[in-house]
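**Q** Pasting a structure below so you can have a look.
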Amino acid sequence: MSKKLEEEFVKQLEENQNIVHKICRLYTNDQDAHNDLFQEVTIQLWRAYPKFRGDSKFSTWMYRVALNTAITLYRKSTRRVKTQDYDSVQFKIADRPEDDEQMEQLTLLYGAVKQLNDIEKALVFLYLEDKNYREIAETMGISEVNARVKMNRIKTKLTNIINP
Amino acid sequence: MDQLDILKQNWQSQTGNAPQFSKEQLGGLLARKSSSIVKWLFIIAIIEFALFIVLGIISHFTNEENNTIEMIGEPFYYGSMIVHYVVILFFIFLFYKNYKSISTSQPTRSLMNKILKTRRTMKWYIWYNLVYMMVVGMIGAVIIIPNDPRISEMLDSPNFIGHETAFYATFLGLTFVIFLILCVVMYLIYMVIYGILLRKLKRNYNELKRMEV
């Protein structure tokens, strides 16, 4: 593969690397595992890149490859997140809200999302990324109706995790 | 649930602990080796293909020394060998086709499906080899018994007269049991290797399938 293609790829990856980081945070519980998954996603993206024709946005294509790697190709099973792994369930944001209570709520909810199974996490991730149900369904390979139904069930499940 | 929408509002501004990678670091990652299950599936498949091909070649050479070809007859010996290698080539073609169809850019469910299909091809390959060995082994044994001078000599000895049928039955029965044990052992090895490799994938595949019901 040519140098030019590699440069072009690295540039796009650098601009969009946050997507991969968000997925890695969701699917792993420590920094080593995070970097390990990030590396695997990068390799898979690079491998699939020559076939990426640009008929969809780079980021959209990236969701698919990165989620597929996390859910399907990555071998190591994620250790179940325990509540004492505070760091891995803490939701960190750049512009912290004034309201401490809201921050606490965000962390609580993020911790609940991390307790979901791999598939549920993928749906929630796409939902949080503001994808519509058609895109969610297409990425996962399920019907739109089922994506909607499942998403509603996940919301109930999350509520139950937070308020047992 | 409105709470999830609160998370959504703040989702894009999350930072996490991970440092952002520079272009140089990202470029370095590209040169690393993948450790994905697809790569392992490929390695195992190569070992499986090689194992049975080597087994075939070894049995070919040991048979030559024992004049098996003479006893069994050239048409059957070479006929079965040609059919065997044609079938193996067909399996290699099938595997290659499945392997090539595995692409990370497709929807999750079809990706999982393709991976499981590739694994099924290898399962059939193993079964084919075991059944082939068993059938050819049994037919070979039936043809060899009347032609093998050592066996006819033994059957002609006073101890064996009148017990020919019992001898045939025991001989074929033993061959069958040995192959059966071999099949069970192979099946167990197979279950362990693929079980470890595909446990997570299967769990996620079933989860997706459940949604569609």
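**Q** Name every residue in the range A:1-55 that is in a loop (DSSP other than H, G, I, E, B), within 15 Å of residue B:19 (Cα to Cα) and aromatic (Phe, Trp, Tyr), in order of residue number.
**A** So in the range A:1-55, the residues in a loop (DSSP other than H, G, I, E, B) come out as A:1-2, A:28-30, A:52-55.
If we keep only those that are within 15 Å of residue B:19 (Cα to Cα) too, we end up with A:30.
Answer for the range A:1-55, where residues must be in a loop (DSSP other than H, G, I, E, B), within 15 Å of residue B:19 (Cα to Cα) and aromatic (Phe, Trp, Tyr): there is none.
**Q** Can residue B:148 be described as loosely packed, with under 12 Cβ neighbours inside 10 Å and out of contact with any Leu (no Cβ under 9 Å at 6 or more places or on another chain)?
**A** It is false that residue B:148 is loosely packed, with under 12 Cβ neighbours inside 10 Å and out of contact with any Leu (no Cβ under 9 Å at 6 or more places or on another chain).
**Q** Look at residue A:114 and say whether it is more than 7 Å from chain B (Cβ to nearest Cβ) and under 19 Å from residue A:69 (Cα atoms).
**A** So residue A:114 fits the description; yes.
**Q** For the structure I just gave you, tell me whether residue B:132 is within 17 Å of residue B:76 (Cβ to Cβ) and touching a residue at least 12 places away in the same chain (Cβ under 8 Å).
**A** On the way: within 17 Å of residue B:76 (Cβ to Cβ): yes; touching a residue at least 12 places away in the same chain (Cβ under 8 Å): yes.
It is true that residue B:132 is within 17 Å of residue B:76 (Cβ to Cβ) and touching a residue at least 12 places away in the same chain (Cβ under 8 Å).
**Q** Next up: Specify the residue that is surrounded by the most Cβ atoms within 10 Å (Cβ to Cβ); the eligible residues are those in the range B:80-126 that are of a type in the set (Lys, Arg) and either under 11 Å from the mean Cα position of the chain (by Cα) or in a loop (DSSP other than H, G, I, E, B) (or both).
**A** Here the residue is B:119.
**Q** A further question on this structure: So, in the range A:1-25, of the ones that are more than 10 Å from every other protein chain (Cβ to nearest Cβ) and of a type in the set (A, V, I, L, M), which residue ends up nearest to residue A:131 (Cα to Cα)?
**A** Top of the filtered list is A:19.
**Q** Quick check on residue A:146: is it without any contact (Cβ under 8 Å) to a residue 12 or more places away in the chain, surrounded by 17 or more Cβ atoms within 10 Å (Cβ to Cβ), part of a helix (DSSP H, G or I) and over 18 Å from the mean Cα position of the chain (by Cα)?
**A** Against the criterion (without any contact (Cβ under 8 Å) to a residue 12 or more places away in the chain, surrounded by 17 or more Cβ atoms within 10 Å (Cβ to Cβ), part of a helix (DSSP H, G or I) and over 18 Å from the mean Cα position of the chain (by Cα)), residue A:146 qualifies.
Yes or no, residue by residue, for (1) under 34 Å from the mean Cα position of the chain (by Cα); (2) in contact (Cβ under 8 Å) with a residue 40 or more places away in the chain:
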{"position": "B:146", "(1), (2)": "no, no"}
{"position": "B:167", "(1), (2)": "no, no"}
{"position": "B:177", "(1), (2)": "yes, no"}
{"position": "B:181", "(1), (2)": "yes, no"}
{"position": "B:190", "(1), (2)": "yes, yes"}
{"position": "B:206", "(1), (2)": "yes, no"}
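**Q** Turning to a different aspect of this structure: I'm checking my understanding of the structure. Among residues of the range B:1-43 that are hydroxyl-bearing (Ser, Thr, Tyr) and surrounded by fewer than 13 Cβ atoms within 10 Å (Cβ to Cβ), which one is farthest from the other protein chains (Cβ to nearest Cβ)? Spell out how you get there, then give the answer.
**A** We begin by selecting, within the range B:1-43, every residue hydroxyl-bearing (Ser, Thr, Tyr); these are B:13, B:15, B:22, B:34-36.
Those left that are additionally surrounded by fewer than 13 Cβ atoms within 10 Å (Cβ to Cβ): B:13, B:22.
Details: B:13: 5, B:22: 8 Å.
Ranking the qualifying residues of the range B:1-43, first place goes to B:22.
**Q** Right, another one. Name every residue in the range A:1-37 that is surrounded by fewer than 20 Cβ atoms within 10 Å (Cβ to Cβ) and more than 29 Å from residue A:87 (Cα to Cα), in order of residue number.
**A** A:1, A:2, A:3, A:4, A:5, A:6, A:7, A:8, A:11, A:12
**Q** Against the definition (polar (S, T, N, Q), buried (at least 21 other Cβ atoms within 10 Å of the Cβ) and outside any strand (DSSP E or B)), how does residue A:139 come out, yes or no?
**A** Spelling it out, residue A:139 is indeed polar (S, T, N, Q), buried (at least 21 other Cβ atoms within 10 Å of the Cβ) and outside any strand (DSSP E or B).
**Q** Scan the range B:165-184 for residues that are exposed (fewer than 12 other Cβ atoms within 10 Å of the Cβ) and farther than 20 Å from residue B:59 by Cα and report the count.
**A** Residues flagged as exposed (fewer than 12 other Cβ atoms within 10 Å of the Cβ) and farther than 20 Å from residue B:59 by Cα within the range B:165-184 amount to 6.
**Q** Could you list all residues from the range A:108-134 that are over 12 Å from the mean Cα position of the chain (by Cα) and of a type in the set (Gly, Ala, Ser)?
**A** A:111, A:112 - these are the residues of the range A:108-134 that are over 12 Å from the mean Cα position of the chain (by Cα) and of a type in the set (Gly, Ala, Ser).
**Q** Only one of these is closer than 18 Å to residue B:104 by Cβ, modelled with pLDDT of 80 or more and either among the hydrophobic types (A, V, I, L, M, F, W, C) or not in a loop (DSSP other than H, G, I, E, B) (or both): A:107, A:60. Name it.
**A** Working: A:107 fails: closer than 18 Å to residue B:104 by Cβ.
Checking each option against the conditions leaves just A:60.
**Q** Ok, one more. Could you list, in sequence order, all residues of the range A:26-59 that are more than 8 Å from chain B (Cβ to nearest Cβ) and small (Gly, Ala, Ser)?
**A** Scanning the range A:26-59 gives A:33, A:54, A:56, A:59.
**Q** Within the range B:9-27, is there a residue that is farther than 22 Å from residue B:190 by Cβ and of a type in the set (Val, Ile, Thr)?
**A** Among the residues of the range B:9-27, at least one is farther than 22 Å from residue B:190 by Cβ and of a type in the set (Val, Ile, Thr), which makes the answer yes.
The values are calculated or read from the model by the stated rules, or taken from the named source; none is laboratory data. From a predicted model like this one, the values you see are computed outputs, not experimental measurements. Because the Cβ atoms are built from the backbone with ideal geometry, glycine has one as well, and the counts that use them run over all protein chains shown.
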